[in-house]
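Report on one structure; see the data block that follows.
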Amino acid sequence: MKVLVISDIHANLSALNAVLDHAPAVDAVWCLGDIVGYGPDPNECVETIRELPNLVSLRGNHDGAVCGLVEKSKFNYSAQEVLLWTEDQLKPNNRSYLASLPAKTTESGVTLAHGSPRRPVWEYIMDSHAAEVNFTHFETDYCLVGHSHFPVLYLQREGKKQVEASYLGPNEKRNLLRKTIVNPGSVGQPRDHDHRAAYALLDTDENLWSQYRISYDVHAVQQRMRDAGLPENYIQRIESGW
Ligand code: ZN
């Protein structure tokens, strides 16, 4: 089965559309959460994702915050500002869609979690140590996560405790071995100093992971953010990729 793996769209419709235009035909789409927050197009992004065929979709911390399932006070001031704006914009049916999503699930023998299998809503897996403690929190061979906005693969070889971490550059292909935790990076707000939208394809028959980066019109998104009065730091951030 060929799967399009996306995460952390963050209400950036231009980035999402660039990914969907670039990706080949797939059998399923797995979205690892945070469809909204930070960006100017929350309804459009939720509606685009909801219509994707054979979709498995998770709820991220920002998605949870706009439907009252996560406290907004846990976010910094400017993130809260965007969450309040997003809450105001969201159509009721899009909000209830986000509220209905799980933060963690198992699909076709793969664990999917927004942050981590241990704490799916909030934990960031930013280094080998954080990955190591999470390897005991899933039973499947692989676990896919988002949340850090950083395309990376953590491998724990059989019988070893130590974890190897590797950054996934554009067009890199990796054979997923057991056990692996892998992150496709962020569609709408990458944080690895490359502003292009990140996504991955997973071939579950070949256990093959392919990483991609796609350019999109960042300035058009920045303009929509300015028009909506969203915070300047997030407007800058999508252009610098950090
Ligand atoms: Zn995110």
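Only the coordinates and a few stated rules stand behind these numbers; no lab work does. Worth saying up front: this structure is predicted, and the values here are computed from it rather than measured. Glycine gets a Cβ as well: all are built from the backbone with ideal geometry, and neighbour counts include every protein chain shown.
Okay, here's what the table says:
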{"item": "Efficiency of FRET from Cβ geometry, Ser108 and Ala220, R₀ 35 Å, rounded to 0.05", "result": "0.45"}
{"item": "Value of relative contact order over the stretch 138-209, rounded to a whole percent, pairs C-alpha under 8 Å and six or more apart", "result": "36 percent"}
{"item": "The stretch 18-141, relative contact order in percent, only Cα pairs under 8 angstrom and at least six apart counted", "result": "23 percent"}
{"item": "Normalised alpha carbon radius of gyration of the chain [divisor 2.2 N^0.38 Å]", "result": "0.94"}
{"item": "The stretch 172-242, relative contact order in percent, only Cα pairs under 8 angstrom and at least six apart counted", "result": "36 percent"}
{"item": "The stretch 124-179-the stretch 49-75 distance, computed between alpha-carbon centres (Å)", "result": "23 Å"}
{"item": "Ascending count of other beta-carbon atoms within 10 Å, so fewest first, for Asp141, Asp8, Asp192", "result": "Asp141, Asp192, Asp8"}
{"item": "Separation in nanometres of the label points that stand 7 Å from Cα toward Cβ, at Glu172 and Gln236", "result": "2.8 nm"}
{"item": "Percent of alpha-carbon pairs separated by more than 20 Å within the stretch 153-242", "result": "47 percent"}
{"item": "For the stretch 94-170, Kirkwood radius (reciprocal of mean inverse C-alpha pair distance, Å)", "result": "13.2 Å"}
{"item": "Stokes-Einstein translational diffusion, the stretch 1-142 - Kirkwood Rh over all Cα pairs, 1.306 mPa s, 10 °C, in µm²/s", "result": "102 µm²/s"}
{"item": "Cut-off 14 Å between beta-carbons: net charge of the residues surrounding Cys67, Lys and Arg +1, Asp and Glu -1", "result": "-1"}
{"item": "Label-point separation in nm, Met1 to Asn207, each point 7 Å along Cα→Cβ", "result": "1.8 nm"}
